[in-house]
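Undergrad: Pasting in a structure now, in structure tokens, and then I'll have a few things to ask.
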Amino acid sequence: MHKNKTPQNKFTRRLSPLAGGLLLLIQLVIAGSSAQAQDDAITIRAGRLLDGIGGVRENVTITIADSRIVRIDNSSGPYTYDFSDKTVLPGMIDTHIHIGAHFNSMGRYGPEPGQTSEQTLLYAAENAYLTLMAGFTTVQSVGSSMDKDLRDAIARGILPGPRLLTSLDPIRVNTGTPAQLREVVRQRQADGADVIKMFASASIRDGGIQVMSDAQIQAVCGEANALGLRTIVHAYGTEAITTAIEAGCTQIEHGNRYSDDVIDLMTERGTYYDPHLGLLYANYFDNRAKFIGIGNYTEAGFAAMEEARVIGYDTFKRTLELGDVKIVYGTDALAGSHGMNAEELIYRVQEGGQDRMAAIISATSLAAEALGLGEEIGTVQPGFQADLVAIDGDPLEDITALRNVAFVMKDGVVYKNF
Ligand SMILES: [Zn+2]
């Protein structure tokens, strides 16, 4: 959409070869020494820029061409977008969502009787839209086989949604023997999975105990590592988490409860850790009537979540205090919480005691690194994809400013501009 126009070339062809050659040479010199692509570039003036890797700059101009950031400097206007009164930061990244999870037309969780897969996919598209409007330009869905079509549709560039990565269907204890699991991992990759999702532990509503054997966990992460695939593991408790880390799994989900030794081990092995402290529980409690009575959403299940919520903060605070763990951002966004993805950052800072800048990094450059996209997104620097959001206020002063997303750009395309 921002193609270089080159009317000069037509003009050059009408001149004598020598004069034409000279003119072309002059043009090349000009193009090389100045920003010839200026005509097509988008400029954004940022009153404050958080670059996603800990840097803060004031009153800078970001130049974008062909979907990438090409320059950040102090050049003056006019600007395509003047956010002198706003904070600009990288498009945020959520490494754990369930893009298809929704409430049905009867106000209950999940598909209603007779719901078609086409209807389900449209709920997922709605969730994708809400997520992008909330300033999240990349998400990882963990996931279902349906995610793939949505991922590929959004990637075509018309349907508004975040860049979507997916595990396709997760691996569970009954998926197979270790040998069969290795085959399943290979099959997932062949089917187009970006990551492997595995339930090493039961749901917290069922007690959260380790359900997959050590051999199963080792088979999945071992095979995935051999194929260059990342792994994301639902795990609670010292045993399951220790096994997953030692098996070389990439990222631990929920965590919620583990010994101090696990903190040391995660630090040592560089395992990404994605705790869910507030949004997940608040969403369940707020929407209790829409979940209760379905599967393990029982009174006892809700009581277990009340308990887990408290334990989760204790675990998180110990992790912050004792280790140097790569705490990465994820929300477990599901029915009811799509588009509220920034809320977990607010919980982590306000209730969990995380440093504001560390929280922002966890949802930008660190999340990108955890997705294997650390050289592409999550940082505002020349060469990176132009995924940018502008917000009212300063999240380093007040983390709740992340709710005020006024502008969203993904791959250099503006999807929201209030
Ligand atoms: Zn989940």
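The values are calculated or read from the model by the stated rules, or taken from the named source; none is laboratory data. All of these numbers come straight from a predicted model, not from anything done at the bench. No Cβ is skipped: glycine too gets one built from the backbone with ideal geometry, and neighbour counts run over all protein chains shown.
Undergrad: Could you run through the range 309-342 and say how many residues are in contact (Cβ under 8 Å) with a residue 40 or more places away in the chain and within 16 Å of the ligand (Cβ to nearest atom)?
TA: Within the range 309-342, residues that are in contact (Cβ under 8 Å) with a residue 40 or more places away in the chain and within 16 Å of the ligand (Cβ to nearest atom) number 14.
Undergrad: On the basis of being buried (at least 23 other Cβ atoms within 10 Å of the Cβ), within 16 Å of the ligand (Cβ to nearest atom) and without any contact (Cβ under 8 Å) to a residue 40 or more places away in the chain, does Ala235 make the cut?
TA: Working: buried (at least 23 other Cβ atoms within 10 Å of the Cβ): yes; within 16 Å of the ligand (Cβ to nearest atom): yes; without any contact (Cβ under 8 Å) to a residue 40 or more places away in the chain: yes.
The answer is yes for Ala235.
Undergrad: Now for a separate question. For the range 288-308, state whether one or more residues are under 24 Å from the mean Cα position of the chain (by Cα) and not aliphatic (A, V, I, L, M).
TA: No - not one qualifying residue is present in the range 288-308.
Undergrad: Exactly one condition in (1) over 30 Å from Ile311 (Cα atoms); (2) of a type outside the set (A, V, I, L, M); (3) buried (at least 18 other Cβ atoms within 10 Å of the Cβ) is not met by Arg186; state its number.
TA: (3)
Undergrad: Give the range 139-165 a look and list any residue that's farther than 19 Å from Lys197 by Cα and part of a loop (DSSP other than H, G, I, E, B), or say none.
TA: Arg156, Gly157, Ile158, Leu159, Pro160, Gly161, Pro162
Undergrad: Which of the following residues is touching a residue at least 40 places away in the same chain (Cβ under 8 Å), assigned to a helix (DSSP H, G or I), within 25 Å of Gly372 (Cβ to Cβ) and away from the ligand (no atom under 16 Å from the Cβ): Leu89, Leu181? Step through it out loud before you land on a result.
TA: On the way: Leu89 fails: assigned to a helix (DSSP H, G or I).
Answer to the selection: Leu181.
Undergrad: Taking Gly143 as the residue in question, decide whether it is under 26 Å from Ile252 (Cα atoms), modelled with pLDDT under 95 and either touching a Lys or Arg at 6+ places or on another chain (Cβ under 7 Å) or in the same structural domain as Leu334 (by TED's automatic domain parsing) (or both).
TA: Values: under 26 Å from Ile252 (Cα atoms): yes; modelled with pLDDT under 95: yes; either touching a Lys or Arg at 6+ places or on another chain (Cβ under 7 Å) or in the same structural domain as Leu334 (by TED's automatic domain parsing) (or both): yes.
For Gly143, the condition - under 26 Å from Ile252 (Cα atoms), modelled with pLDDT under 95 and either touching a Lys or Arg at 6+ places or on another chain (Cβ under 7 Å) or in the same structural domain as Leu334 (by TED's automatic domain parsing) (or both) - is met.
Undergrad: Next up: Here is a list: Gly135, Gly176, Gly107. Which entry is surrounded by 21 or more Cβ atoms within 10 Å (Cβ to Cβ) and of a type in the set (Gly, Ala, Ser)? Working first, answer last.
TA: Working: Gly176 fails: surrounded by 21 or more Cβ atoms within 10 Å (Cβ to Cβ); Gly107 fails: surrounded by 21 or more Cβ atoms within 10 Å (Cβ to Cβ).
It is Gly135.
Undergrad: Now a separate question. Out of (1) in contact with a Gly (Cβ under 7 Å, 6 or more places away or on another chain); (2) free of Cβ contacts under 8 Å to residues at least 60 places away in the same chain; (3) surrounded by fewer than 20 Cβ atoms within 10 Å (Cβ to Cβ); (4) of a type in the set (A, V, I, L, M, F, W, C), the odd one out for Leu159 is which?
TA: Condition (1) is where Leu159 drops out.
Undergrad: Could I ask something else about it? When the range 242-273 is examined, which residues are found to be touching a residue at least 40 places away in the same chain (Cβ under 8 Å) and part of a helix (DSSP H, G or I)? Walk me through it before giving the result.
TA: Quick first cut of the range 242-273, residues touching a residue at least 40 places away in the same chain (Cβ under 8 Å) only: 243-244, 249-251, 253-258, 260, 263-264, 266-267, 270-273.
Listed by number, the residues that qualify are Thr243, Ala244, Asp260, Ile263, Asp264, Met266, Thr267.
Undergrad: Considering every residue within the range 83-95, establish whether at least one is more than 30 Å from Ala46 (Cβ to Cβ) and within 24 Å of the chain's Cα centre (by Cα).
TA: The answer is no; no qualifying residue exists.
Undergrad: Being within 23 Å of the chain's Cα centre (by Cα), exposed (fewer than 15 other Cβ atoms within 10 Å of the Cβ) and modelled with pLDDT of 95 or more: is that true of Ala200 here?
TA: Working: within 23 Å of the chain's Cα centre (by Cα): yes; exposed (fewer than 15 other Cβ atoms within 10 Å of the Cβ): no; modelled with pLDDT of 95 or more: yes.
Considered against the rule, which asks whether it is within 23 Å of the chain's Cα centre (by Cα), exposed (fewer than 15 other Cβ atoms within 10 Å of the Cβ) and modelled with pLDDT of 95 or more, Ala200 comes out as no.
Undergrad: Please indicate, with yes or no, whether at least one residue in the range 291-312 is among the polar types (S, T, N, Q) and either within 21 Å of Glu369 (Cβ to Cβ) or touching a strand residue (DSSP E or B) at 6+ places or on another chain (Cβ under 8 Å) (or both).
TA: To start, the set of residues in the range 291-312 that are among the polar types (S, T, N, Q) comprises 296, 298.
Subset that is either within 21 Å of Glu369 (Cβ to Cβ) or touching a strand residue (DSSP E or B) at 6+ places or on another chain (Cβ under 8 Å) (or both): none.
No: the range 291-312 contains no residue that is among the polar types (S, T, N, Q) and either within 21 Å of Glu369 (Cβ to Cβ) or touching a strand residue (DSSP E or B) at 6+ places or on another chain (Cβ under 8 Å) (or both).
Undergrad: Would you point out the residue of the range 61-80, among those that are under 25 Å from the mean Cα position of the chain (by Cα) and of a type in the set (Ser, Thr, Tyr), that is nearest to the ligand (Cβ to nearest atom)? Walk me through how you get there before you give the answer.
TA: The initial filter retains those residues of the range 61-80 that are under 25 Å from the mean Cα position of the chain (by Cα), namely 62-72.
Those left that are additionally of a type in the set (Ser, Thr, Tyr): 63, 67.
Numbers: Thr63: 38, Ser67: 30 Å.
Selected residue: Ser67.
Undergrad: Failed condition for Gly293, given (1) outside any helix (DSSP H, G or I); (2) surrounded by 12 or more Cβ atoms within 10 Å (Cβ to Cβ), with all others met?
TA: Tallying (1) outside any helix (DSSP H, G or I); (2) surrounded by 12 or more Cβ atoms within 10 Å (Cβ to Cβ), Gly293 fails exactly one: (2).
Undergrad: Might you let me know whether the range 218-229 holds any residue that is within 16 Å of the ligand (Cβ to nearest atom) and within 24 Å of the chain's Cα centre (by Cα)?
TA: Quick first cut of the range 218-229, residues within 16 Å of the ligand (Cβ to nearest atom) only: none.
There is no residue in the range 218-229 that is within 16 Å of the ligand (Cβ to nearest atom) and within 24 Å of the chain's Cα centre (by Cα).
Undergrad: If you take the residues of the range 70-89 that are touching an Asp or Glu at 6+ places or on another chain (Cβ under 9 Å) and either among the aliphatic types (A, V, I, L, M) or in the same structural domain as Leu280 (by TED's automatic domain parsing) (or both), which of them is surrounded by the most Cβ atoms within 10 Å (Cβ to Cβ)?
TA: So the first thing to find is which residues in the range 70-89 are touching an Asp or Glu at 6+ places or on another chain (Cβ under 9 Å), and the list is 72, 85-87, 89.
Going one step further and asking which of them are either among the aliphatic types (A, V, I, L, M) or in the same structural domain as Leu280 (by TED's automatic domain parsing) (or both), we end up with 72, 89.
Values: Ile72: 18, Leu89: 25.
Within the range 70-89, the match that is surrounded by the most Cβ atoms within 10 Å (Cβ to Cβ) is Leu89.
Undergrad: May I ask you to say which residue of Ala370, Ala358 is of a type in the set (A, V, I, L, M) and buried (at least 24 other Cβ atoms within 10 Å of the Cβ)?
TA: On the way: Ala358 fails: buried (at least 24 other Cβ atoms within 10 Å of the Cβ).
That would be Ala370, the only listed residue that is of a type in the set (A, V, I, L, M) and buried (at least 24 other Cβ atoms within 10 Å of the Cβ).
Undergrad: OK, next. For Gly143, are the conditions met, namely being more than 15 Å from the ligand (Cβ to nearest atom) and either in contact with a helix residue (DSSP H, G or I) (Cβ under 8 Å, 6 or more places away or on another chain) or within 27 Å of Leu388 (Cβ to Cβ) (or both)? Quick ask: steps written out before the conclusion?
TA: On the way: more than 15 Å from the ligand (Cβ to nearest atom): no; either in contact with a helix residue (DSSP H, G or I) (Cβ under 8 Å, 6 or more places away or on another chain) or within 27 Å of Leu388 (Cβ to Cβ) (or both): yes.
It is false that Gly143 is more than 15 Å from the ligand (Cβ to nearest atom) and either in contact with a helix residue (DSSP H, G or I) (Cβ under 8 Å, 6 or more places away or on another chain) or within 27 Å of Leu388 (Cβ to Cβ) (or both).
Undergrad: Does the range 111-118 contain at least one residue that is assigned to a helix (DSSP H, G or I), hydroxyl-bearing (Ser, Thr, Tyr) and surrounded by fewer than 18 Cβ atoms within 10 Å (Cβ to Cβ)?
TA: Pass one, the range 111-118, residues assigned to a helix (DSSP H, G or I): 117-118.
This time we only want the ones that are hydroxyl-bearing (Ser, Thr, Tyr), so: 117.
Next cut, surrounded by fewer than 18 Cβ atoms within 10 Å (Cβ to Cβ) only: 117.
Yes, that holds for at least one residue.
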